[in-house]
Amino acid sequence: MCGIFAAHGLEKAASDRARFIACSKRLRHRGPDWSGCFVGTDGILVHERLAIVGVDTGAQPLVSQDGKIILTVNGEIYNHIALRETFGPEIKFKTHSDCEVILPLYKKHDKDLCGMLDGMFSFVLLDESVSPSRIIAARDPIGITTLYQGWDSRRPGAVFFASELKALVDECDKIISFPPGHVYDSKDRSTTRYYKPSWWNGDAEGPDATIPSSPADLTRLREALEAAVRKRLMSEVPLRRSSQRLIAAIAARETEKAAQAQYEIRKRKAQSATSGNTTPTGMVDEQATLAAWPQLHSFAIGLENSPDLLAARKAAHYLGTVHHEYTFTVQEGLDAIPEVIYHLETYDVTTVRASTPMYLLSRKIKAMGVKMVLSGEGSDEILGGYLYFHAAPDSTSFHQETVKRVKNLHTSDCLRANKSTMAWGLEARVPFLDKAFLEVAMNIDPREKMFSKGADQQVDEDGRPRMEKYILRKAFDVSRDGKPYLPASILWRQKEQFSDGVGYSWIDGIKDHAESVVSDEAFAKGGERWADAPTTKEAYFIRQIFDEFFPSETAASTAVRWIPRGDWGCSSDPSGRSVSIHNAAYETT
């Protein structure tokens, strides 16, 4: 992924070039490989590039053959080869970039192209073949990538876009987080939803709610996720894979399949070249050939002897990955919080808690020369995996909550995964949020996803507990070759939120620090300072740092604070340990 900045409806675009390049420079951590700028008659597109596909030829902004359509993209288009093949020889592609296919798609399908893309993306396209010029901007269906839109009352005809808030705060007095699955068109200044999956109305109230009733097809669920992982292995740079155990297990198998396929291809070529000659010069060293294929690497971070480190170590040993384990101290995490908030651009407590170790881990991974990883965001929202889901009063409420959580991923886990990694120029790909996988998983009868704990917990015919994310665990309990994807102790491990799993002392440490630096008097006056008053000293501490970087009201309006389901009897603390069924629940719950 990359960083993009765009402005349209300018009176004198050329005179704004230096100013807007300076705005885009604030995004350079997202794209350290190269910078590009296009200045039109009334629009400017700037791009900060992280080269993943089309490394040598894919510099942006991309320009159409006639020079009239200009494009800047942050993202990856996984079906770009299939889309290229829909065009005849009259379309000459200039680069190997996966994003270039958007240009001819626009000419042929206009803004309907958005629904044809399979990937994670935010893009801005400037069309100078029409008068006045036209700009369209779009964001991927779930909001895996980040995109903001802004306006400036001093320039009433102008509109701005950027990958991060920080590039717009000095130019705009109104900023929004651009909605996922939508496309903006300057022709009528409209923003419309192009992503219309079958499950979208599942969170509606009353008779408008679409509640699925299809039983879980475990084979279909497994194959959909395997396909999602497979397509995300597309890369021309080191992909050292994943910190999520199940995704790592699938990636390990797909890497093994690819290595075997490469071996078979080379073997056939060697046999053909020797024409039956069985001398040593015609032989293929199988071990050497397989060893030449990139080996799966896995990563984990936590406090010393934290739950996630121990589980990741065991999974890595089972999968045979090259495992990299990093520890951090509570003090190191506290020291990083201001940087984390600057990059996250939110004051949500849950997001900051989880992003800090992910931010530290991303720095370690990038230092190894890695540009891309696979990550596991989305599974808990899709399958109701958070422990508080056990308190859902009925299956309809359970499903409505999963749909709401998926729709709001761009405000929380997607934001965390994108900005924590891109702070260091590291791209995170998210298989669970694949469109095809979502169609399968979100159309399963919610009764199959519900779970209970303690004395009420049921077991299946194989003795497996019907716990959180049961159908996903069961789908990967055994493979077609009879080999388990993961050890049972890992596959059937209790859900740990990332901020808990890195070590229970991490959240406790933030709370203790906030208690020591925020006075009772200051906390009591929080309502005078902010309309959205912090409810804990930890929240006050985080909001105070946010305001140092982003003091404007419009900047604060883009942040969304996670509020637990009090109507389900949930604790106001978003930690998984605040749920009474957690194995290490707080004693006060």
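Side notes on the structure shown:
A quick yes/no check of all residues on (1) part of a loop (DSSP other than H, G, I, E, B); (2) within 24 Å of the chain's Cα centre (by Cα); (3) under 12 Å from residue 2 (Cβ atoms):
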| residue | (1), (2), (3) |
| --- | --- |
| 46 | no, yes, yes |
| 59 | yes, yes, yes |
| 74 | no, yes, yes |
| 81 | no, yes, no |
| 86 | yes, no, no |
| 100 | yes, yes, no |
| 113 | no, yes, no |
| 130 | yes, no, no |
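- Residue list for region 79-97, restricted to those being touching a Gly at 6+ places or on another chain (Cβ under 7 Å) and either of a type in the set (D, E, K, R) or crowded, with 21+ Cβ neighbours inside 10 Å (or both): 97
- Hits in region 1-26 - residues which are among the aromatic types (Phe, Trp, Tyr) and over 16 Å from residue 74 (Cα atoms): 20
- Conditions (1) surrounded by 14 or more Cβ atoms within 10 Å (Cβ to Cβ); (2) at positive phi; (3) at pLDDT 75 or above; number of the one not met by residue 241: (3)
- Qualifying residue in region 462-470 (condition: part of a helix (DSSP H, G or I) and either of a type in the set (Phe, Trp, Tyr) or at pLDDT below 95 (or both)): yes
- Some residue of region 358-371 being within 15 Å of the chain's Cα centre (by Cα) and of a type in the set (Gly, Ala, Ser): yes
- Test: residue in region 315-328 that is within 24 Å of residue 563 (Cα to Cα), surrounded by fewer than 23 Cβ atoms within 10 Å (Cβ to Cβ) and not charged (D, E, K, R): no
- In region 147-168, residue farthest from the chain's Cα centre (by Cα) [restricted to those that are over 23 Å from residue 408 (Cα atoms) and in a loop (DSSP other than H, G, I, E, B)]: 154
- Selected residue (criterion: nearest to residue 137 (Cα to Cα)) from residues of region 77-96 that are in contact with a helix residue (DSSP H, G or I) (Cβ under 8 Å, 6 or more places away or on another chain) and in contact (Cβ under 8 Å) with a residue 12 or more places away in the chain: 77
- Of the set (1) within 22 Å of residue 130 (Cβ to Cβ); (2) surrounded by fewer than 17 Cβ atoms within 10 Å (Cβ to Cβ); (3) at pLDDT 95 or above, all apply to residue 102 but (2).
- Subset of region 132-146 (residues that are in a loop (DSSP other than H, G, I, E, B) and over 26 Å from the mean Cα position of the chain (by Cα)): 132, 133
- When 96, 109 are checked against the criterion of being farther than 17 Å from residue 135 by Cα and either of a type outside the set (Lys, Arg) or in a helix (DSSP H, G or I) (or both), 96 stands alone in meeting it.
- Some residue of region 568-576 being touching a Lys or Arg at 6+ places or on another chain (Cβ under 9 Å) and at pLDDT 95 or above: no
- Per the conditions (1) among the small types (Gly, Ala, Ser); (2) modelled with pLDDT under 90; (3) buried (at least 20 other Cβ atoms within 10 Å of the Cβ), the sole criterion not satisfied by residue 441 is (2).
- Check on residue 27, at pLDDT 95 or above, over 23 Å from residue 369 (Cα atoms) and hydrophobic (A, V, I, L, M, F, W, C): no
- Residue match in region 430-437 (condition: more than 29 Å from residue 25 (Cβ to Cβ) and part of a loop (DSSP other than H, G, I, E, B)): yes
- Scanning region 339-362 for residues that are surrounded by fewer than 24 Cβ atoms within 10 Å (Cβ to Cβ) and of a type in the set (Ser, Thr, Tyr) turns up 342, 350.
- For region 217-233, filtered to residues that are of a type in the set (D, E, K, R) and touching a Phe, Trp or Tyr at 6+ places or on another chain (Cβ under 9 Å), the residue that is nearest to residue 372 (Cα to Cα) is 232.
- Out of 368, 358, 372, sole residue that is in contact (Cβ under 8 Å) with a residue 12 or more places away in the chain and within 30 Å of residue 488 (Cβ to Cβ): 358
- Some residue of region 408-428 being modelled with pLDDT under 95, in a helix (DSSP H, G or I) and either hydrophobic (A, V, I, L, M, F, W, C) or at positive phi (or both): no
- Within region 160-203, being among the small types (Gly, Ala, Ser) and without any contact (Cβ under 8 Å) to a residue 24 or more places away in the chain holds for one residue alone: 190.
- Test for residue 451: is it outside any loop (DSSP other than H, G, I, E, B) and in contact (Cβ under 8 Å) with a residue 40 or more places away in the chain: no
- Looking only at region 19-44, residues that are part of a strand (DSSP E or B) and in contact with a Lys or Arg (Cβ under 9 Å, 6 or more places away or on another chain) come to 6 in all.
- Residue match in region 133-143 (condition: surrounded by 23 or more Cβ atoms within 10 Å (Cβ to Cβ) and either over 25 Å from residue 375 (Cβ atoms) or among the polar types (S, T, N, Q) (or both)): yes
- Number of residues in region 217-235 that are out of contact with any Lys or Arg (no Cβ under 7 Å at 6 or more places or on another chain) and assigned to a helix (DSSP H, G or I): the value is 13.
- The condition of being farther than 23 Å from residue 372 by Cβ, touching an Asp or Glu at 6+ places or on another chain (Cβ under 6 Å), among the β-branched types (Val, Ile, Thr) and surrounded by 18 or more Cβ atoms within 10 Å (Cβ to Cβ) holds for residue 69.
The values are calculated or read from the model by the stated rules, or taken from the named source; none is laboratory data. From a predicted model like this one, the values you see are computed outputs, not experimental measurements. All Cβ positions, even for glycine, are placed from backbone atoms using ideal geometry, and neighbour counts span all protein chains on display.
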